Amino acid sequence: MYAAIIILLPILGGLLCLLWGSNATIRNSLSFGVTIVLALLALGLYPLIQRVNILVFEYPLLIPPFGLSFRLDWLSLALVIITTVVWLLVTYYSIDYMKHYENQARYFGFSLITLGATLGTLVAGDLLTLFLFFELMSLTSYVLVIHDGTKDAMKAGYQYLIMTLGGGLALLFGIMGIYHLAGTVSFMETGFINQSSPIALGSFLAFLAGFGMKAGMFPLHVWLPKAHPVAPSPASAILSGIMLKVGAYGLLRVLYNIYDVEFLVSVGWNNILMVIAGITLIVGSVFAIMQSDLKRRLAYSSVGQMGYILMGMSFVSEQALIGDVFHIFAHATMKACLFLAAGAIIMQTGKRDIRELSGIGRRMPITMICFTMAALAVIGIPPFSGFLSKWYLGLGALETGHPWYASLLLVSSLLNAIYYLPIVISAFFGTVSLEFVNIREVSHRM
């Protein structure tokens, strides 16, 4: 019942926005009201999961012979709370930000439908249910990416759509392989694939490709730095803050609820993810330094940050898993904050080039203070959230005998400082451009 409510409520709200969204009052009230209700429902699930640990809902007759099943446990609850709270804040921000755009009903409508699909993915109880909602989330978010309708937006959206379809086919192959091997695709308390075979390995690689594409994993990250600059900033906040984590969530389910963890370590398949994660971490950070467009720099930063999350799950360690899940929370909040701040700056100044933002911190101090705090969190400066997650990830690397990867975390933090601190220093201590004389802070909502 809980699963049905948190999935259907935003989808229904989104459809109503599409029908009656021409009335701004109805559209804004409906969008904001639905996200408030969902956030409260998600928070209200905490005491329930605290009592029972796991809730399972099954609807066997919906898609014979599998049906649909939903599962609420600590991992899914954590992601549901993060998703609903961040989406609530982004929706509140969007009310004023989207006034400058056309097709607002379409934006708010598809934002809510995407939220419903995202929550459906997070509470899925088996691979097939997860796949269905994962694909719905990918298709509806495509509309958010191309919202501007410009040539660049359509080109970036086309690439995103093609890669989404390719990732979906990879997931479908993996699901078929698991069903062939085990006769089930349901999530278990402990993984049940514990014997090496070509199909087991092929399915594992297919899951890496399918979920890794959505998570921005190298080399499947190419859609991300193209989609973010063309999407509205609130949509970028959702894409980077939430939807990248859904790909990571899918991989967590595969590693811990489909495959036996000890088996993965014994055959070394987790090392495949570990190496790719390390490359993703460094590539994202290095390419971020090379960008002068503010949103492209943030996009490549997201690639690097997802490297932390992918690396944490590959260590298969309790300490690393704590840091992994906490970094999902930390990155969702700090990167959503960065994209919303970037959107505010671009809206007020019309400028995206980092080299042209000197002194903006003195004209928009609240926005840049928020940007600075989020940037320090990404770098890992204590006591901000990014430091805590990196601390546990480093402990996990040492616990599993991978000191080189702990060093990689430190190198990446240095790279993060290289591409974030110049923005902050220039904004507060640089010469204020004459073009910024009349620039003011954005509205209280934003």
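Within region 330-361, being among the acidic types (Asp, Glu) and either crowded, with 19+ Cβ neighbours inside 10 Å or not in a helix (DSSP H, G or I) (or both) holds for one residue alone: ASP353. Identification of helices (runs of 4 or more DSSP H) wholly contained in region 188-267 with 1 or more residues that are within 14 Å of the chain's Cα centre (by Cα) and of a type in the set (Gly, Ala, Ser) yields 198-215, 224-230, 233-238, 244-253.
Of note, SER266 satisfies the criterion of being without any contact (Cβ under 8 Å) to a residue 12 or more places away in the chain and of a type in the set (S, T, N, Q). Are any of the residues in region 260-277 among the aromatic types (Phe, Trp, Tyr), on the phi < 0 side of the Ramachandran plot and open to solvent by less than 10 Å² (accessible area, probe 1.4 Å)? No - not one qualifying residue is present in region 260-277. Residues in region 95-106 include at least one that is assigned to a helix (DSSP H, G or I), in contact (Cβ under 8 Å) with a residue 60 or more places away in the chain and open to solvent by less than 10 Å² (accessible area, probe 1.4 Å). Regarding PHE326, is this residue open to solvent by less than 10 Å² (accessible area, probe 1.4 Å) and either in a helix (DSSP H, G or I) or not β-branched (Val, Ile, Thr) (or both)? Spelling it out, it is not the case that PHE326 is open to solvent by less than 10 Å² (accessible area, probe 1.4 Å) and either in a helix (DSSP H, G or I) or not β-branched (Val, Ile, Thr) (or both).
Rundown of residues vs (1) in contact (Cβ under 8 Å) with a residue 24 or more places away in the chain; (2) out of contact with any Asp or Glu (no Cβ under 6 Å at 6 or more places or on another chain); (3) open to solvent by 60 Å² or more (accessible area, probe 1.4 Å), yes/no style:
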| position | (1), (2), (3) |
| --- | --- |
| ALA182 | no, yes, no |
| GLY191 | yes, no, no |
| SER203 | yes, yes, no |
| GLY216 | yes, yes, no |
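Taken together, LEU40, LEU19 contain a single residue that is free of Cβ contacts under 8 Å to residues at least 12 places away in the same chain, part of a helix (DSSP H, G or I) and closer than 24 Å to HIS444 by Cα, which is LEU40. Being within 23 Å of the chain's Cα centre (by Cα) and closer than 19 Å to GLN291 by Cα holds for only one residue in ALA332, ALA377, ALA427, ALA342, and it is ALA342. Out of all the residues in region 111-126, which are assigned to a helix (DSSP H, G or I), under 17 Å from ILE54 (Cα atoms) and hydrophobic (A, V, I, L, M, F, W, C)? Passing the criteria: LEU119, LEU122. Picking from SER314, SER285, which residue would you name as being of a type in the set (Ser, Thr, Tyr) and either open to solvent by 10 Å² or more (accessible area, probe 1.4 Å) or closer than 25 Å to THR83 by Cβ (or both)? Unique residue meeting the criteria: SER314.
Taking the listed residues LEU8, LEU16, LEU75, LEU68, the one that is open to solvent by 20 Å² or more (accessible area, probe 1.4 Å) and within 20 Å of the chain's Cα centre (by Cα) is LEU75, with no other qualifying. The set of residues from region 19-61 being loosely packed, with under 12 Cβ neighbours inside 10 Å, modelled with pLDDT under 80 and either within 30 Å of GLY183 (Cα to Cα) or touching a Ser or Thr at 6+ places or on another chain (Cβ under 7 Å) (or both) comprises PRO60, LEU61.
The values are calculated or read from the model by the stated rules, or taken from the named source; none is laboratory data. Since the structure is predicted, the reported quantities are computational estimates derived from the model, not experimental observations. So basically every Cβ, Gly included, is an ideal-geometry build from the backbone, and we count neighbours across all protein chains shown. Calculation scope for accessible area: heavy atoms of the full protein, side chains included, ligands and nucleic acids excluded. Shrake-Rupley method; radii C 1.70, N 1.55, O 1.52, S 1.80 Å.
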